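The values are calculated or read from the model by the stated rules, or taken from the named source; none is laboratory data. Just so it is clear, the model here is predicted, and its values are computed rather than measured. Heads up, the Cβs are rebuilt from the backbone with ideal geometry, glycines too, and the neighbour counts pull from every protein chain shown. Side chains included, ligands, DNA and RNA excluded: accessible areas come from the protein's heavy atoms. Shrake-Rupley method; radii C 1.70, N 1.55, O 1.52, S 1.80 Å.
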Amino acid sequence: MSVIFVLIGFSSFVAIMFLAAYIWAVKTGQYDDNYTPSIRILFDSEVKKESSKSNS
Amino acid sequence: MNVEKFNYDNQIVKLFLIATVVWGIVGLLVGVLIATQLYIPELNFGLSFTTFGRLRPLHTNAAIFAFVGNAIYTGVYYSLQRIAKARMFSDVLSKINFWGWQLIIVLAAVTLLGGFSTGKEYAELEWPIDILIAVVWVVFGINMIGTLIKRREKHIYVAAWFYISTFVTVAVLHIGNSIEIPVSFLKSYPVYAGIQDALVQWWYGHNAVAFFLTTPFLGLMYYFLPKAANRPIFSYKLSILHFWTLIFIYIWAGPHHLLYSAVPNWAQSLGTVFSIMLWMPSWGGMLNGLLTLRGAWDRVRDNPVLKFFVIGVTAYGMSTFEGPMLSLKSVNALAHFTDWIPAHVHVGTLGWNGFMTFGMLYWLVPKMWKTELYSKKLANVHFWIGTLGIVVWVIPMWWAGITQALMWKEFTPLGLLKYSNFLETVLQIVPMYIIRSLGGLLYLTGLLIAAYNIFKTMAQGSFEANEAAEAAPRGSITEKLKYGMIHRYLESKTLLFTALAFLAILLGGLVEIIPTYLVKSNVPTIASVRPYTPLELEGRDLYIKEACNSCHSQLVRPFRSEVERYGEYSKAGEFVYDHPFLWGSKRTGPDLHRIGGKYSNMWHYLHMENPRSMSPGSLMPPYPWLIENQLDLSSLKSKISAMRTIGVPYEEGYEEIAEAELNEQAQKIAADLLDSGILIDSDKEIIALIAYLQRLGTDIKIDVAENK
């Protein structure tokens, strides 16, 4: 049964990682704008017309 | 405005995409074969390699890690570059990721067919492959996080959050569950034993579902569903909320796989409570997906991609409702060990993972090959045949599960089991097995149609390995990597920094925890429970090799119906020397925990040779090679000393006399068989397996006898 403490440890650790990531996400403004990101991904960044082999 | 020109790596996406289709066909083909073996045992072909026990882990591993795994990589490698507006961090790492993963799959197939297995569900692969998986997975993680670090878009779109959580958590789970002590090149024992191993295994197993089959696919949903519908996700806020709640809660729900087991009640309750809480974030994801199509359902009518997505997301919603429901103890008492569980799993895999993958493929291939889909009609045929396949797979298994569970639990008015012969309850559901395999066949047919359609689309289009793109550079952050400035650089790269810190803490934690763990174990011990004899230990390894635990549980739950049928319910202290635990998760055959002493050695011999000779109509495959093969004792010594290292109290120097003791016990069994008229050498594998089976669950019988 002692493994439950290891698991709680690991699990809390993962949870704390996610909490830290959450704080980081909020602080760096990942969630400042809750609308445009969902629109932005709809636009392609690929170059449309030119045949692109010369670009790199 | 300053615009940077760069290329997206489409070549790597193409490779993963083709691998997805190929391994999908392989995985489903094996699935259909094993489904058919359940009612035509002759299809085991009397060969060890093609017997159900060997093929079943091959099917699950191929479906999860080969088919779904490659689908994840396909989607991530395509979408991550677009989300980040940057090429993958390193082409070399991308290639290592691809070829490394395919190598793992091939090694997995070969070793699983050869019977090299740890005996832990969805983690059957042996230690050298485990290490390879860890390395390739970390390569994937570095490549992903590296790409995010050099991204041009300041904002990390929600899909990538799901990808990151996938990487982090799967790494922790895989390493945590795979801590094992090697005894030879392809054999190891987990350091955990009994209920501890059970807790770790289902902490892993449950979260493999969560972070391999769920979070990456939610990420894919958040990218490909809006792209295919050309509409933004219903609510970006909801996506944030459900992401954080989902990943936090999922981790804790593992013990719901162990309800009514020998695991302490409070751990079981913990699992149940978190499982019920999981319902809400799961449905947050489902609703966000479905509501994205609000006002655009006319597009669903015309667009096969969206059709697949709609069924996929709906299946996700159904199985994430079913999961919490099955975690209720009263429901679990009925459903556990029955075919209801595979039904639940297949709603998720066939519906959610399969259909999301198909939708993604049908969208990606025309896009990357710059053409139209070869045949929309064939895609629609695939959609209907696949949907029908799921229905025909799942409904009979729900039916079979409930039917059989009710039969297991039914008593006559006199208080006797109504169906005391287990086989009777199996034969009752054979028609369901037949229908189920047809469902699988339909689903496989759909995939074959898809493969043809995809191939034709590729052939008519033109593929560009490096697709030109342009985007504005990301603002402000311009710290360059220079000698002497590495930490300064790291400080500006938060994600990389986090990842490194995470690795550091993880290593420290492992080093601190594991030794204390190895030294002392506080599992409640029962005085009469002794370690396995060398012969029983070898027999147990054969039990693992043939994956008997695929179909037989070793856990009598504390219900009247089970105690009546099998004997005294299982206690935690009985499993302290079980590395690994072998409780199983499905009773295709009866429980074996109290099998010891129930039948004669002769019965077991004849039964393994041909199960139908002892149980007419049995679905169990014959194991004739156990009678022919000589027991391999080459690693007996290292097995004993490895077991001692992980806490089994074999005396110092016991390995020196182990072989002599083994031979002595084997000769007794051979002599007993000879008395029954069976002439067999004592050095055959069957002798060891009989020794193990006769030992099972008997320690506690001695206890009862002595106390009386």
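Would you say B:K307 is in a helix (DSSP H, G or I), crowded, with 19+ Cβ neighbours inside 10 Å, of a type in the set (K, R) and away from chain A (no Cβ under 14 Å)? Show your work before the answer.
Working: in a helix (DSSP H, G or I): yes; crowded, with 19+ Cβ neighbours inside 10 Å: yes; of a type in the set (K, R): yes; away from chain A (no Cβ under 14 Å): yes.
Criteria met by B:K307.
State all residues of the range B:525-548 that are within 15 Å of B:L636 (Cβ to Cβ) and of a type outside the set (K, R); if no residue qualifies, say none.
Selection gives B:P531, B:Y532, B:T533, B:P534, B:L535, B:E536, B:L537, B:E538, B:G539, B:D541, B:L542.
Report, ordered by the first and then the second residue, all pairs with beta carbons closer than 8 Å, sequence separation of six or more or different chains, a first member in the range A:31-43 that is at the interface with chain B (Cβ under 7 Å from one of its Cβ atoms), and a second member that is assigned to a loop (DSSP other than H, G, I, E, B) and open to solvent by 80 Å² or more (accessible area, probe 1.4 Å).
So the pair list comes out as A:L42/B:N230.
Of everything in the range B:104-123, what is small (G, A, S), crowded, with 23+ Cβ neighbours inside 10 Å and in a helix (DSSP H, G or I)? Give them in sequence order.
Answer for the range B:104-123, where residues must be small (G, A, S), crowded, with 23+ Cβ neighbours inside 10 Å and in a helix (DSSP H, G or I): just B:A108.
I want to confirm something. Restricting to the range B:49-66 and keeping residues that are open to solvent by less than 20 Å² (accessible area, probe 1.4 Å) and assigned to a helix (DSSP H, G or I), which single residue is nearest to B:L619 (Cα to Cα)?
So the residue we want is B:G53.
Output the number of residues of the range B:143-196 satisfying the condition of being more than 12 Å from chain A (Cβ to nearest Cβ), outside any helix (DSSP H, G or I) and among the aliphatic types (A, V, I, L, M).
The number of residues fulfilling the criteria is 3.
Name the single residue that is farthest from B:G589 (Cα to Cα) among those in the range B:400-441 being touching an Asp or Glu at 6+ places or on another chain (Cβ under 6 Å) and open to solvent by less than 70 Å² (accessible area, probe 1.4 Å).
Going through the range B:400-441, the residues touching an Asp or Glu at 6+ places or on another chain (Cβ under 6 Å) turn out to be B:400-401, B:417-418.
Now narrow it down to the ones that are open to solvent by less than 70 Å² (accessible area, probe 1.4 Å): B:400-401, B:417.
Values: B:A400: 14, B:G401: 13, B:L417: 17 Å.
This residue is B:L417.
Being within 13 Å of chain A (Cβ to nearest Cβ), out of contact with any Gly (no Cβ under 6 Å at 6 or more places or on another chain) and buried (at least 18 other Cβ atoms within 10 Å of the Cβ) narrows it down to one residue among B:S275, B:S235, B:S282; which is it?
Unique residue meeting the criteria: B:S235.
Kindly indicate whether A:I23 is open to solvent by 40 Å² or more (accessible area, probe 1.4 Å), at pLDDT 80 or above and either at the interface with another protein chain (Cβ under 7 Å from one of its Cβ atoms) or not in a helix (DSSP H, G or I) (or both).
no
For B:A229, are the conditions met, namely being open to solvent by less than 10 Å² (accessible area, probe 1.4 Å) and closer than 19 Å to B:G317 by Cβ?
yes
Identify, by number, the condition in (1) among the small types (G, A, S); (2) in contact with a Phe, Trp or Tyr (Cβ under 9 Å, 6 or more places away or on another chain); (3) part of a loop (DSSP other than H, G, I, E, B) that B:G295 doesn't meet.
Exception for B:G295: condition (2).
Can you tell which of B:N44, B:N10 is open to solvent by less than 10 Å² (accessible area, probe 1.4 Å) and touching a strand residue (DSSP E or B) at 6+ places or on another chain (Cβ under 9 Å)?
B:N10
Residues that are surrounded by 24 or more Cβ atoms within 10 Å (Cβ to Cβ), hydroxyl-bearing (S, T, Y) and part of a helix (DSSP H, G or I): does the range B:218-226 have at least one?
yes
Could you tell me which of the residues B:K154, B:K187 is touching a Lys or Arg at 6+ places or on another chain (Cβ under 7 Å) and open to solvent by 10 Å² or more (accessible area, probe 1.4 Å)?
Exactly one of B:K154, B:K187 is touching a Lys or Arg at 6+ places or on another chain (Cβ under 7 Å) and open to solvent by 10 Å² or more (accessible area, probe 1.4 Å), namely B:K154.
Residues in the range B:247-260: is at least one touching a Leu at 6+ places or on another chain (Cβ under 9 Å), part of a loop (DSSP other than H, G, I, E, B) and open to solvent by 10 Å² or more (accessible area, probe 1.4 Å)?
Looking for residues that are touching a Leu at 6+ places or on another chain (Cβ under 9 Å), part of a loop (DSSP other than H, G, I, E, B) and open to solvent by 10 Å² or more (accessible area, probe 1.4 Å), one finds at least one in the range B:247-260, hence yes.
Would you confirm whether or not the range B:676-688 contains a residue that is farther than 29 Å from B:L186 by Cβ and of a type outside the set (A, V, I, L, M, F, W, C)? Show your work before the answer.
Pass one, the range B:676-688, residues farther than 29 Å from B:L186 by Cβ: B:676-679.
From the residues that got through so far, the ones that are of a type outside the set (A, V, I, L, M, F, W, C) too are B:676-677.
The answer is yes; a qualifying residue exists.
Tell me which residues, restricted to the range B:426-476, are over 26 Å from B:S615 (Cβ atoms) and among the β-branched types (V, I, T).
B:T445, B:I449, B:I454, B:T457
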